[in-house]
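See structure below.
The values are calculated or read from the model by the stated rules, or taken from the named source; none is laboratory data. All values reported here derive from a predicted model rather than from experimental measurement. Positions of Cβ are backbone-derived with ideal geometry, glycine not excepted, and every protein chain shown enters the neighbour counts.
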Amino acid sequence: MGIIITIIIIAVLVIAYIGIYNGLVRSRTYVDESWSQIDVQLKRRNDLIPNLIATTKGYANYEQETLAKVTELRNQMVSLEGDTDRDQMMKVSDQLSGSLKSLFAVAENYPDLKANTQFQQLMEELSNTENKIAYSRQLYNSSVASYNMKLQTVPSNWVAGIHHFTKRDYLEVPEAEKQAPKVNFDEFKGFDK
């Protein structure tokens, strides 16, 4: 009778160990898959930018510096594709997002460009892609939170230590985006409520 109980206890422990290990692998896979979604959206944006620049060049002759900056950052992103340095990739991506905002602001000075159907479609595609990148970043951070939590809680932290599962870092918001916008209420004087 004692042998049967011992066998049952060992079987339960083995099954629990396998379940914990598989849960860790599943969580790590979700993290990798969510990073892959970011990568797909970054690639999509990189593919749209040359068309946007080509369309803009015909109208915004005096905005070469802005166009050159977008092109330079896009080329940096392309060179980082497949690179494992996620922090560097996100840093360049954040800079590129800022430069694209500048490019969209430039378009405000060129009514013909704003009216161009191709430019409008490209802006809409890029805007949708930027939203998908933001969503993908949220998904990545949620996946990382779940995975890291398993690495820190008992008993999964024991299994994680044995099999060398490592903590993943969150994607952080760039410092420039953390700052609250400055609003000047003097601009609104004279408006009736």
Exactly one condition in (1) part of a helix (DSSP H, G or I); (2) under 30 Å from residue 104 (Cα atoms); (3) not hydroxyl-bearing (Ser, Thr, Tyr) is not met by residue 171; state its number. (1)
Would you call residue 92 of a type in the set (A, V, I, L, M, F, W, C), more than 19 Å from residue 171 (Cα to Cα) and surrounded by 12 or more Cβ atoms within 10 Å (Cβ to Cβ)? no
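Can you confirm whether residue 92 is within 21 Å of residue 37 (Cβ to Cβ) and within 14 Å of the chain's Cα centre (by Cα)?
yes
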Is it the case, given these coordinates, that residue 74 is farther than 15 Å from residue 46 by Cα, surrounded by 13 or more Cβ atoms within 10 Å (Cβ to Cβ), within 16 Å of the chain's Cα centre (by Cα) and modelled with pLDDT of 80 or more? no
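Kindly evaluate residue 77 against the criterion of being hydrophobic (A, V, I, L, M, F, W, C) and within 30 Å of residue 147 (Cα to Cα). Please lay out each step first, then the result.
On the way: hydrophobic (A, V, I, L, M, F, W, C): yes; within 30 Å of residue 147 (Cα to Cα): yes.
So residue 77 fits the description; yes.
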Within the range 33-48, does at least one residue satisfy the condition of being under 26 Å from residue 130 (Cβ atoms), touching an Asp or Glu at 6+ places or on another chain (Cβ under 7 Å) and among the aliphatic types (A, V, I, L, M)? yes
Subset of the range 164-182 [modelled with pLDDT of 95 or more and surrounded by fewer than 11 Cβ atoms within 10 Å (Cβ to Cβ)]: 164, 166, 167
